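Have a look at the structure below, then the notes.
The values are calculated or read from the model by the stated rules, or taken from the named source; none is laboratory data. As the structure is a computational prediction, the values presented were derived from the model and not from experiment. Methodologically, a virtual Cβ is constructed for each residue, glycine included, from the backbone with ideal geometry; neighbour enumeration extends over all protein chains shown.
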Amino acid sequence: MSSLSPICVRCNKPVILNVEFYETFERMHWLCFHLEYEHDADPDEPCNDISSCPWHRIKCLGDELRKLGRDPDELIPNTLRERV
């Protein structure tokens, strides 16, 4: 993280990833922009932006894992343990 990183006007944290889109996203992180301007539902639920809402993507990946016989609720903790 650089001390020169711009600050998100929504969460007040540095924008590091996707900094090239800082102005496009109204001086916010992409997720902050999505939640502020595009997300038309409870922030913890998927919204109508089916193609890019992160909650839709998470749900789709979980559904596909279940089709493959894997339980995302088991895979995620195991994967997180491997990262530590």
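General remarks:
- Scan of the range 42-57 for residues that are exposed (fewer than 13 other Cβ atoms within 10 Å of the Cβ) and either acidic (D, E) or more than 21 Å from V9 (Cα to Cα) (or both), ordered by number: D42, D44, E45, N48, I50, S51, S52
- Of all residues in the range 18-40, those satisfying the criterion of being under 19 Å from R57 (Cα atoms), under 15 Å from the mean Cα position of the chain (by Cα) and part of a loop (DSSP other than H, G, I, E, B) are N18, H29, H39.
- The residue pairs whose first member lies in the range 43-62 and is within 21 Å of I76 (Cα to Cα), whose second member is surrounded by fewer than 13 Cβ atoms within 10 Å (Cβ to Cβ) and modelled with pLDDT under 90, and whose beta carbons are closer than 8 Å, counting only pairs six or more residues apart or on different chains, are H56/I50.
- Some residue of the range 70-78 being surrounded by 10 or more Cβ atoms within 10 Å (Cβ to Cβ), at pLDDT 90 or above and touching a Gly at 6+ places or on another chain (Cβ under 6 Å): yes
- Among residues that are polar (S, T, N, Q) and either touching a residue at least 24 places away in the same chain (Cβ under 8 Å) or part of a loop (DSSP other than H, G, I, E, B) (or both), N78 is not included.
- Selection of first residues in the range 8-25 that are closer than 15 Å to E36 by Cα and of second residues that are acidic (D, E), restricted to Cβ pairs under 8 Å at least 6 apart or on distinct chains, gives the following pairs, ordered by first then second residue: V9/E26; R10/E36.
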